[in-house]
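The values are calculated or read from the model by the stated rules, or taken from the named source; none is laboratory data. Predicted model only: the values in this text are computed from it and were never measured. Counting neighbours? That spans all protein chains shown, and the Cβs are built from the backbone with ideal geometry, glycine included. Quick note on the areas: whole protein, heavy atoms, side chains included, nothing else; ligands and nucleic acids left out. Shrake-Rupley method; radii C 1.70, N 1.55, O 1.52, S 1.80 Å.
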Amino acid sequence: ENDPEAYFRLGRVYASKHPLYDDPERAVALFERAIQEDVFGAERGLARLLFEGRGVTKDVNRARNLFAEEGEKNPWAARDAGRAWASADGAEADFTEAARWFRIAAEGGVPWAALDLARLLESGRGLPKDRRAALVWYATALGLSDNANLADTVAKNTSSYAREEFVAAAQSILSELGVLSGPADGQLGPATRRAINEAFTARGLTPPGDDITLDTLSRLTQMD
């Protein structure tokens, strides 16, 4: 009664799908109580049940709103918000809103959100189609995580990109770092080579030379 966090913790137990404790209806009531007590994480917990329709009537719109409320403070909830807006299961998809939340989550350090955003940019859903920007976000996802499944997915999704696109993506990142000016034209000229060398050596790293790979891009995205 005097521990609002207990409602949230117990709600997580009942929402866990564990065969001994699974009771989503109870979890819904506990999460609702925790939300009243302003317990961090409760909105996301309830939103997941609403989005799945577990223990409560499926309500995608409320789930989206709850994910968004917590997404302002929690980048993982922001990623959930993006996925909820990208889903057409129970409500009309809104890829523009999904992209906005994926960006918030990716900028908050969520690698899977960077992957989600890259896919939307690559396909032109919710955002203007932009393969160069997509490649930057694919590289960002790789730089944020050492998860093998994510790395495999990124590698497959970027296997069709040409060398010029990798160079253009590197130029775009170098411009953001303030070590290169001019257009991202995909040409590995003297200015681009100097900028790459400067970016790497300034951080005690061995420059990649002319080999601009996904690993090169991921390293660049982690520089500030």
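Only one entry of ASP130, ASP146 meets the criterion of being under 18 Å from LEU217 (Cβ atoms), open to solvent by 50 Å² or more (accessible area, probe 1.4 Å) and modelled with pLDDT under 95, and that entry is ASP146. What about THR206, is it β-branched (Val, Ile, Thr) and closer than 21 Å to GLU122 by Cα? Answer is no for this residue. Candidates ALA47, ALA93: the one that is of a type in the set (A, V, I, L, M, F, W, C), in a helix (DSSP H, G or I) and either open to solvent by less than 40 Å² (accessible area, probe 1.4 Å) or under 30 Å from THR140 (Cα atoms) (or both) is ALA47. The helices (runs of 4 or more DSSP H) falling completely within segment 141-224 that include 1 or more residues that are over 27 Å from the mean Cα position of the chain (by Cα) map to 190-201. Considering (1) of a type outside the set (Asp, Glu); (2) part of a helix (DSSP H, G or I); (3) surrounded by fewer than 16 Cβ atoms within 10 Å (Cβ to Cβ), the lone condition that LEU20 does not fulfil carries the number (2). Out of GLY82, GLY90, GLY71, GLY55, one residue alone is modelled with pLDDT under 95 and under 30 Å from GLY124 (Cα atoms). It is GLY90. Those residues that are open to solvent by less than 30 Å² (accessible area, probe 1.4 Å) and either under 20 Å from LEU142 (Cα atoms) or among the polar types (S, T, N, Q) (or both), I need them from segment 156-186; list them, please. Residues satisfying the conditions are THR158, TYR161, PHE166, VAL167, ALA168, ALA169, ALA170, GLN171, ILE173, LEU174.
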